[in-house]
Amino acid sequence: MEFISSLWYAVPETLRIVIVILLQIVAVVIPLILTVAYTTYAERKVIGFMQGRMGPNRVGPRGLLQPFADTVKLLLKEVIIPTKSDRYLFLLAPILALAPAFSAWVVIPFSENMVLADINAGLLFILALSSLGVYGIIIAGWASNSKYSMLSAMRIGAQMVSYEIAMGFALGGVLIASNSLNLNDIVRAQSGSIFSWFAWPLFGLFIVYFISGVAETNRAPFDVAEGESEIVAGFHVEYSGIAFALFFLAEYANMIMISALTSIMFLGGWLSPFQGLDFLINIPVIGLFFGNGIHWLALKIAFFLLLYLWFRATFPRYRYDQIMRLGWKVLIPVTFVWIFFEIIAVALGWQPWL
Amino acid sequence: MFEQILFYWFTAVLLLAAIGVVVARNPVYSALSLILAFFTMTALWLLMEAEFLAIALILVYVGAVMVLFLFVIMMLDLKIVEREGFIRYLPIGLGVAGMVALEMIMVLQRSNFDSERYVAPDIPADFNNAEALGELLYTHYLYPFEIAAVVLLVAVIAAILLTLRKRDAADQAAKTQDIDQQVRVKREDRVRLVKMKSE
């Protein structure tokens with residue numbers, strides 16, 4: 001033990017910072033990738049259940065190893081680069097899609113003290129990074145040199161820029177209610193009981209945020225960017241093998257991200273819904289479950305992920321102009337009105353969340 | 001030490017990206033270099049602890065303005081430009097470049113930015129940049145801020161009005177959808193069952 005610690009202090013300080021940061025990143029990214037893998041499995045199982053099918057059940061017990069089989073398959077497949085495409089941008093695009101989806105996780109508070117970077121502009125950081133995700137897709141669409149990809153890139157660009165506005169306003173409402181840009185402070189501002197969660201006073205913003213989150217991640221019913229019946233597979237139609245898998249990974253990482261953010265902003269993040277019910281929390285072992293902690297965040301994320309899958313199995317795809325109308329003429333006015341009344345409430349000192 | 005390494009790295013990337021904007025032959029590459037330049041610029045601002053400004057720069061310029069910019073460039077389908085008339089424009093170019101360099105040297109003299117004249121303010125570790133900026137904007141600079149907001153609103157309305165295309169008077173009104181009407185449609189409005197003898 002002493003040998004290890006002496007070895008550790010022999011490393012130059014700059015290098016030590018880098019090593020610690022890298023290890024922290026690994027500690028977040030590996031569970032994230034595993035979650036993505038099992039979200040794809042859950043998606044196939046859940047939608048299979050809703051449609052009266054079995055879903056994957058061949059690889060491993062109950063098909064539990066299916067995600068790994070898929071990963072191995074995608075890793076072994078050839079990455080085909082179209083002849084007339086822009087070679088460098090074609091390969092850069094998946095990375096540009098993936099990087100913001102992963103890096104936004106540094107500011108997510110997993111529990112009271114489990115957060116990589118506890119910065120005081122966390123909310124802005126999230127907004128900034130989610131606005132960067134669009135580049136990977138636009139560049140993929142352009143670099144593929146395919147009409148379908150280009151059409152998809154155009155659609156998705158307009159869609160993401162539009163829904164970001166509604167999303168930003170919804171977050172503005174949270175900001176007014178919590179008085180802070182720091183995500184952990186936002187969670188703490190909701191402590192008390194289940195009724196202090198922002199989902200109740202900001203119910204409209206909560207709904208708007210999740211709807212625009214679904215649109216922002218291009219999931220059904222807003223998946224015009226990959227509308228199979230219209231433009232084959234959209235921006236990633238020319239991608240194969242691991243390059244395609246990276247887009248897939250980015251999409252699911254973004255889904256989990258939106259679910260995590262919705263839980264943190266509106267459903268109290270790692271706060272337990274049984275908060276304030278001390279007789280439950282004081283039970284010796286089961287009390288740990290009823291207390292605050294990362295498991296509540298995980299459960300809330302799982303709930304929103306289920307909603308994602310449920311939407312996909314339920315709703316038919318929106319038409320492009322209907323998406324634009326919903327974003328600009330319905331969601332944004334709703335946020336305007338809600339924030340207006342929220343500001344009046346704050347000015348009058350009437351704060352139900354306190 | 002660590003910060004200095006980061007500083008030099010970002011500065012190098014920034015300079016290369018800025019050169020790339022001018023040098024790249026493909027306009028899409030130019031636009032992408034510009035995005036990279038903005039992005040590394042924000043990293044430098046973050047090192048100076050101006051996190052609100054840095055993130056606002058990403059949100060506004062990288063997240064919105066450059067997306068639209070890139071769109072336009074991709075839609076225009078510009079061909080890769082050949083360098084022609086390089087010698088012809090060289091004297092003018094050199095003149096302008098020399099002028100800009102001279103002016104920058106005059107403005108950015110070391111004496112103007114001496115670390116003795118501008119001592120870094122002693123701020124506590126938990127200083128909140130966004131809060132300080134907000135307090136200034138909404139108290140001291142409230143009127144300029146609101147006037148700027150109104151000017152922007154006017155610009156938005158003007159942009160919408162300019163692109164709002166009215167059809168000819170002969171043609172009915174501009175073709176728009178009335179979603180309420182569409183939703184309220186009944187079977188009787190669309191389907192007519194006709195009873196007739198088979199022939």
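All of the numbers you see were taken from the coordinates with simple rules; none came from a lab. Quick caveat, the model's predicted, so the values are computed rather than measured. Glycine also receives a Cβ, built like all others from the backbone with ideal geometry; neighbour counts cover every protein chain displayed.
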Checklist outcome for this item: The Cα radius of gyration of the stretch A:28-92, divided by 2.2 N^0.38 Å with N its residue count, comes to 1.48
Item to check | At R0 = 41 Å, FRET efficiency that the Cβ-Cβ distance of A:Asp278 and B:Ala132 yields, to 0.05 | outcome: 0.55
Checklist outcome for this item: Ordering A:249-257, A:136-144 by per-residue average of other C-beta atoms within 10 angstrom, highest first, gives A:136-144, A:249-257
Item to check | Cβ-placed point charges (K, R +1; D, E -1), dipole of chain B about Cα centre in debye, nearest 20 | outcome: 1620 debye
Checklist outcome for this item: Log entry: pair-distance distribution for the stretch A:225-323, C-alpha pairs binned every 5 Å from zero, whole % per bin is 2, 11, 14, 15, 15, 13, 9, 7, 5, 4, 3, 1
Next on the checklist: Which one, A:Asn179, A:Tyr148, A:Val134, projects farthest toward the positive side of the charge dipole computed for the stretch A:106-265 from Cβ point charges (K/R +1, D/E -1)?
Outcome noted: A:Asn179
Item to check | Computed magnitude of the charge dipole of the stretch A:21-118 (debye, nearest 20; Cβ of K, R +1, Cβ of D, E -1) | outcome: 600 debye
Item to check | Computed label-point distance, nm, for sites A:Trp328 and B:Leu108 using a 7 Å Cα→Cβ extension | outcome: 4.1 nm
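When Cβ neighbours within 10 Å are restricted to other protein chains, what is their mean count per residue of peptide B:51-63? Can you show the working numbers first?
Values: counts 6, 4, 0, 4, 11, 4, 1, 7, 10, 2, 0, 4, 13.
Mean shielding by partner chains, rounded to a whole number: 5.
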Checklist entry - To the nearest whole number, what is the average tally of beta carbon atoms from other chains within 10 Å of the beta carbons of peptide B:4-14? => result 0
Checklist entry - Once you put a point 7 Å from the Cα of B:Val185 and another 7 Å from the Cα of A:Leu23, both along the Cβ direction, what distance in nm separates them? => result 6.4 nm
Item to check | Lys, Arg +1 and Asp, Glu -1 on Cβ, resulting dipole of the protein assembly as shown about Cα centre, debye, nearest 20 | outcome: 2560 debye
Next on the checklist: For peptide A:119-128, what's the mean number of Cβ atoms from other chains within 10 Å of each residue's Cβ?
Outcome noted: 5
Checklist entry - How long are the three semi-axes of the equivalent ellipsoid for the stretch B:3-99, computed from the Cα gyration tensor as the root of 5 times each eigenvalue, in whole Å, largest first? => result 28, 20, 11
Next on the checklist: Explain nothing, just compute: Karplus ³J(HN,Hα) = 6.51 cos²θ - 1.76 cosθ + 1.60, θ = phi - 60°, for every residue of the stretch A:89-104 in order, whole Hz, x for Gly and Pro.
Outcome noted: 5, 4, 7, 6, 4, x, 5, 5, 6, 6, 4, x, 4, 7, 6, 5
Item to check | Relative exposure of A:Lys300, B:Lys195, A:Lys84, judged by other C-beta atoms within 10 Å (fewest first) | outcome: B:Lys195, A:Lys84, A:Lys300
Next on the checklist: How big is the protein assembly as shown along each principal axis, measuring the range of its Cα positions in Å and listing the largest first?
Outcome noted: 97, 78, 61
Checklist entry - How would you order A:169-182, A:1-14, A:263-276 from highest to lowest mean count of nearby Cβ atoms within 10 Å? => result A:263-276, A:169-182, A:1-14
Checklist entry - What residue among B:Asp122, B:Asp114, B:Asp180 shows peak mean-square fluctuation when chain B is described by a Gaussian network model with Cα springs under 10 Å? => result B:Asp180
Next on the checklist: Within 10 Å of each candidate Cβ there may be at most 14 other Cβ atoms; applying that plus a DSSP loop requirement, which GluC sites (Glu not before Pro) in the stretch B:1-100 survive?
Outcome noted: B:Glu49, B:Glu82, B:Glu84
Checklist outcome for this item: At R0 = 45 Å the Cβ-Cβ FRET efficiency linking A:Phe303 and B:Phe7, nearest 0.05, sits at 0.55
Next on the checklist: Given the C-alpha atoms of the stretch A:1-142, compute the convex hull and give its volume per residue in Å³.
Outcome noted: 235 Å³
Item to check | Translational diffusion of the stretch A:151-305, µm² s⁻¹ [Kirkwood Rh, Cα pairs; Stokes-Einstein; 4 °C; 1.567 mPa s] | outcome: 76 µm²/s
Checklist outcome for this item: Residue-ordered couplings for the stretch B:53-61, obtained by feeding phi - 60° into the Karplus form 6.51 cos²θ - 1.76 cosθ + 1.60 and rounding to whole Hz (Gly and Pro as x), are 4, 4, 5, 5, 4, 5, 4, 7, 7
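Count neighbours as other Cβ atoms within 10 Å of each site's Cβ, and list the trypsin sites (Lys or Arg not before Pro) in the stretch B:1-106 that are DSSP loop with at most 14 such neighbours.
Passing both the DSSP loop test and the Cβ count: B:Arg25, B:Lys79, B:Arg83.
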Checklist entry - If one computes the Cα centroid of the stretch A:112-135 and of the stretch A:216-231, what distance in Å separates the two points? => result 26 Å
Checklist entry - What translational D, rounded to a whole number of µm²/s, comes out for chain B from Stokes-Einstein when the hydrodynamic radius is the Kirkwood one over Cα pairs, at 37 °C and 0.692 mPa s? => result 139 µm²/s
Checklist entry - What is the distance, in nm, between label points placed 7 Å from the Cα along the Cα-to-Cβ direction at A:Phe195 and at B:Phe145? => result 3.5 nm
Checklist entry - Considering amide H positions built from the backbone, and no H for Pro or chain starts, which residues 5 or more places from A:Ala233, or on another chain, come under 5 Å of its amide H? => result none
Checklist entry - Calculated from DSSP H runs of 4 or more alone, at -39500 (n - 2.57) each and per residue, what is the 222 nm mean residue ellipticity of chain B, nearest 500? => result -20000 deg cm²/dmol
Item to check | For the stretch A:202-327, with +1 on Lys and Arg beta carbons and -1 on Asp and Glu, the positive-most of A:Gly227, A:Phe266, A:Phe210 along the dipole | outcome: A:Phe266
Next on the checklist: Skipping prolines and chain starts, which residues have an amide H placed within reach, meaning under 5 Å, of the one on A:Trp200, given they are 5 or more residues away or on another chain?
Outcome noted: none
Checklist outcome for this item: Ranked output for segments A:195-203, A:73-81, B:148-156 by mean other Cβ atoms within 10 Å, highest leading, reads A:195-203, A:73-81, B:148-156
